[in-house]
Amino acid sequence: MNWLSRFFTSSIGRKLIMSLTGLFLILFLVVHLVGNLQLLNEDDGFSFNTYAYFMTHNGLVKTISFGLYFFIVLHAIQGIVVTIHNRKSRKKNYRQLNFREADFASRNMAVLGLLILAFLFMHMGDFWLKMKMGQLDMVKYDGVNYPVNDLYTRVNTAFSVWWIVVLYVIGQIALFFHLKHGFYSAFQTLGWNHPKYTPIIKGIGLVFSVVVPLGFALIPLYIYFVR
Amino acid sequence: MKLTLKIWRQKDREETGGFETYQVEASEEMSFLEMLDVLNQELIEQKKEPVAFDHDCREGICGTCGMMINGQPHGPLKATTTCQLHMRHFNDGETILIEPFRANSFPVVKDLVVDRSAFDRIIQAGGYISVDTGQAPDGNVIPIEKDQASSAFDAAACIGCGACVAACPNASAVLFTGAKVSHLTQLPQGDVESKRRVQRMVAQMNKEGFGNCSNISACEAECPKEISVANIARMNREYISSSFSTDKVMD
Ligand code: HEM
Ligand code: SF4
Ligand code: FES
């Protein structure tokens with residue numbers, strides 16, 4: 001088992017963990033966004049609340065969500081370990097360091113990640129925790145023979161407060177920058193770099209990093225300004 | 001042209017060091033190193049200690065002449081070593097900031113000279129072919145794709161100057177190590193030992209204390225030989241696959 005620990009503590013092994021957990025989180029973002037866009041339906045929360053019920057009661061989804069919590073913690077810890085090591089590898093710094101290339105996002109992944117982490121705590125505390133603690137009202141819909149948590153109303157209440165909307169938009173801006181570099185970076189870490197594919201990966205990464213955070217930001221903005 | 005130079009001066013490994021300001025009169029057709037030669041001649045005449053800097057070939061192939069010029073390894077010109085950089089790329093009256101490459105794994109020996117023996121130890125760990133491959137063989141005796149030979153050659157162009165480490169915000173040595181791994185692994189003679197090689201070289205690179213790769217690509221942009229980050233990807237996939245290989249890859 002010596003080889004396994006050697007691999008996972010090597011620079012490339014650590015980055016492989018970052019890459020795979022990052023890609024898993026990217027998949028999660030897609031599912032999360034598609035589900036949450038149901039908040040925009042004008043149906044008194046029927047579609048969103050029954051969907052939220054399914055997501056919190058289905059055995060398979062619950063199992064995957066434990067994987068998700070584990071992966072995000074692993075990604076964050078590994079990211080911090082890697083970044084601390086990187087910072088320490090040049091103790092005496094330059095008076096001046098100019099970059100011909102090296103975009104803002106790629107040099108600030110840890111700061112962006114920590115912003116995302118802070119956002120996640122706020123986000124989970126506001127919705128997930130309140131639901132788990134049973135602090136939400138229950139609603140009963142026609143055709144559904146059990147009451148469900150009214151997460152929809154909670155979300156609408158939260159997004160009628162301007163500063164919560166602002167914090168959500170900031171969170172999505174951080175996510176945009178993190179993904180702008182992270183998407184491509186994950187494939188490069190895996191060793192997938194080729195003139196044939198890399199431009200495609202970079203292109204998809206850029207579109208993804210714009211569309212997904214924009215989709216998430218749309219929800220609080222729509223609720224605040226339109227509803 | 002009249003120039004003001006702010007140069008890092010440091011007596012030895014132990015001294016803290018600091019910047020000193022000098023005036024120098026140079027001409028546009030001088031190389032950057034010749035401009036420093038002029039300064040050193042003046043310092044010697046004034047019975048002062050000349051500025052120590054590394055140099056050897058002065059034709060862009062040995063890789064010894066690296067230094068930071070206005071915040072960039074090998075200065076402002078793309079794909080150019082310090083010795084091949086000419087003063088016509090600077091303006092009369094300009095102030096130029098000159099620092100040594102900085103990384104914990106590249107300790108300053110004196111002034112602008114850094115100890116890059118960490119690179120030598122990475123090569124010693126596996127950057128070679130263990131058997132005698134003899135004289136250059138006749139063409140096409142060992143069949144190899146033209147594209148693959150070219151790709152190996154591109155990687156082989158690395159002169160081991162350390163600009164990649166110097167430019168990297170993480171002081172990572174993956175472009176250098178990736179180039180050396182890629183050079184040998186793409187050739188039939190080198191392919192045989194590729195699994196062990198990548199394992200040993202990466203292990204040594206980590207042991208030397210270089211940072212991890214964040215895929216920032218500052219290295220590729222500053223490399224005087226324009227080594228591509230595709231070589232880092234190749235090293236990564238070789239390292240990952242050899243780690244899970246059933247062959248014995250490490251002692
Ligand atoms: C939805 C949330 C997140 C997603 C989708 C995500 C995605 C990614 C991806 C794909 C990468 C590229 C991996 C690679 O270079 O191989 C990455 C890198 C990184 N992530 Fe995240 N991440 C998320 C949250 C976080 C959080 C909460 C942190 C907390 C500290 C974090 C810290 C980092 C760091 C430091 C890196 C760069 C590591 C390096 O310098 O090489 N990320 N992320
Ligand atoms: S990869 Fe480029 S910058 Fe790095 S040592 Fe080789 S030639 Fe110098
Ligand atoms: S002195 Fe040899 S590369 Fe510059």
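Consider B:Cys219 carefully, then state whether it is open to solvent by 20 Å² or more (accessible area, probe 1.4 Å), of a type outside the set (D, E, K, R) and in contact with a strand residue (DSSP E or B) (Cβ under 8 Å, 6 or more places away or on another chain).
Criteria not met by B:Cys219.
Residues that are within 30 Å of B:Gln199 (Cα to Cα) and open to solvent by 60 Å² or more (accessible area, probe 1.4 Å), at least 1 per element: which helices (runs of 4 or more DSSP H) completely within region A:1-120 meet that?
Because the criterion is at least 1 residues that are within 30 Å of B:Gln199 (Cα to Cα) and open to solvent by 60 Å² or more (accessible area, probe 1.4 Å), the helices (runs of 4 or more DSSP H) in region A:1-120 that meet it are A:2-9, A:11-36, A:59-88, A:104-107.
If you check B:Ala230 against the conditions, is it within 15 Å of ligand 2 (Cβ to nearest atom) and open to solvent by 20 Å² or more (accessible area, probe 1.4 Å)?
So B:Ala230 fits the description; yes.
So which of B:Arg102, B:Arg121 ends up being touching a residue at least 60 places away in the same chain (Cβ under 8 Å) and open to solvent by 70 Å² or more (accessible area, probe 1.4 Å)?
The conditions single out B:Arg121.
Out of all the residues in region B:53-99, which are within 13 Å of the chain's Cα centre (by Cα) and acidic (Asp, Glu)?
Passing the criteria: only B:Asp54.
Residues to consider are A:Leu221, A:Leu214, A:Leu167; find the one that is away from ligand 2 (no atom under 16 Å from the Cβ), under 14 Å from A:Ile116 (Cα atoms) and not aromatic (Phe, Trp, Tyr).
Sole residue among the options that is away from ligand 2 (no atom under 16 Å from the Cβ), under 14 Å from A:Ile116 (Cα atoms) and not aromatic (Phe, Trp, Tyr): A:Leu167.
Looking at B:Ser172, is it within 14 Å of ligand 2 (Cβ to nearest atom), open to solvent by 10 Å² or more (accessible area, probe 1.4 Å) and hydroxyl-bearing (Ser, Thr, Tyr)?
no
How many of the residues making up region A:134-155 are open to solvent by 50 Å² or more (accessible area, probe 1.4 Å), part of a loop (DSSP other than H, G, I, E, B) and hydroxyl-bearing (Ser, Thr, Tyr)?
Residues meeting the conditions: 1.
Return the only residue of A:Gly13, A:Gly35, A:Gly59 being away from chain B (no Cβ under 14 Å) and in contact with a Phe, Trp or Tyr (Cβ under 8 Å, 6 or more places away or on another chain).
A:Gly35
When you go through A:Ala186, A:Ala217, A:Ala158 one by one, which is the residue that is within 14 Å of chain B (Cβ to nearest Cβ), of a type in the set (Gly, Ala, Ser) and open to solvent by less than 30 Å² (accessible area, probe 1.4 Å)?
None of the others qualify; the one that does is A:Ala186.
Mind checking whether some residue in region B:89-98 is buried (at least 16 other Cβ atoms within 10 Å of the Cβ) and within 16 Å of ligand 3 (Cβ to nearest atom)?
Checked against the condition, which is being buried (at least 16 other Cβ atoms within 10 Å of the Cβ) and within 16 Å of ligand 3 (Cβ to nearest atom), region B:89-98 yields at least one hit.
The values are calculated or read from the model by the stated rules, or taken from the named source; none is laboratory data. Since the structure is predicted, the reported quantities are computational estimates derived from the model, not experimental observations. Reconstructed Cβ throughout: ideal geometry from the backbone, glycine too, with neighbour counts over all protein chains shown. Quick note on the areas: whole protein, heavy atoms, side chains included, nothing else; ligands and nucleic acids left out. Shrake-Rupley method; radii C 1.70, N 1.55, O 1.52, S 1.80 Å.
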